[in-house]
Amino acid sequence: MDSAHPPATDRFRVLGVAVDRLTLAQAAERVEALMVMGGAVQVVTVNPEFVIAARTDQQFRRVLNEAAVAVADGIGLVWAAHLLGDMLPERIGGIDLVETLAERCAVSGRRLFLLGGGPGVADAAADALRARYPRLIVAGTHAGTPRADDFPGIQTLIRDARPDLLLVAFGAPAQDLWIARHQAELAVPVAIGVGGAFDFLAGRVRRAPRWMQHLGLEWLYRLALQPWRWRRMLALPRFAAMVLVLRIAGKPR
């Protein structure tokens, strides 16, 4: 099997967006294998908000479906798969994937570059990762933006740093569209859009307690901390309603 392009049977598709049937460990292994291959591929962390956005944004939908790996970063996707007669092994939080990959890179000697997150956030996130994994090589950090006029400087920094893994925190869908647009020029083996992962790592946003994570209520905790996110959260009931319609209509998958 070509690791960069898993067959359709390895993916659960809901409302036009495909997600790989992977555990966190399996996702990390696949990403690590892609780094070894040395191509220039993209990994996406899909949640229900992504799926709803992709309904009206063809370019975003294409980016999600053409990614080498698409993980289920949302308990709603796991619920949808179960309701529609399929199975996603677990929710893979973007922050959990970042931490797992950082640990593996610390062992293998592969190099990370942290891009985005706002002034100072990538630096703080890198410091937190190095404190946790002392052998980790952070090849570079940069706040940057997805604006076109920022790209030449970013490209120079990344080219000089020679990372194996690029983590981009520009927010969705900007980060994912930016990676798709520039990954061939950057020629980093793997690039991942990681949303707010740097804020969690830097300690600027607290994660939900473990019990809430296990119950799939991390979104509720984050909404309580950041009530301005309520407009984005409206995608969740929309997603749930559309999945229920599919279930009632007897159209799983």
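With viscosity set to 0.890 mPa s at 25 °C, what whole-number translational diffusion coefficient in µm²/s follows for region 1-134 from Stokes-Einstein and a Kirkwood radius over Cα pairs? It comes out at roughly 155 µm²/s. Measuring spread by the Cα atoms of region 70-148 yields a radius of gyration and Dmax of 16.0, 45 Å. A crude spin-label estimate for the pair LEU246 and GLU66, with each label 7 Å from Cα along the Cβ direction, gives 2.3 nm. Note that region 10-248, at 25 °C in a medium of 0.890 mPa s, gets a Stokes-Einstein diffusion coefficient of 136 µm²/s from its Kirkwood radius over C-alpha pairs.
Does region 25-77 come out rounded, prolate or oblate by the C-alpha gyration tensor, with a ≥ b ≥ c the root eigenvalues, rounded set by a/c under 1.5 and, if not, prolate when a/b is larger than b/c and oblate if not? It is oblate, given that a/c is not under 1.5 and a/b is not larger than b/c. Note: relative contact order over region 88-186, using C-alpha pairs below 8 Å and six or more positions apart, is 31 percent.
The ranking of ARG11, ARG181 from fewest to most other beta carbons within 10 Å of each one's beta carbon is ARG181, ARG11. Beta bridges from DSSP with both residues in region 10-248: antiparallel share about 15 percent, rounded to the nearest 5. Name the shape class, rounded, prolate or oblate, that the alpha-carbon gyration tensor gives for region 72-208, where a ≥ b ≥ c are the square roots of its eigenvalues, rounded holds for a/c under 1.5, and otherwise prolate holds if a/b is larger than b/c and oblate otherwise. Prolate is the answer for region 72-208, as a/c is 1.5 or above and a/b outweighs b/c.
Rule-based calculations on the coordinates, nothing more; no lab input. Computed from a prediction, not measured in an experiment: that's the story for all the values here. FYI the Cβ positions are ideal-geometry reconstructions off the backbone, even for glycines, and counts take in every protein chain you see.
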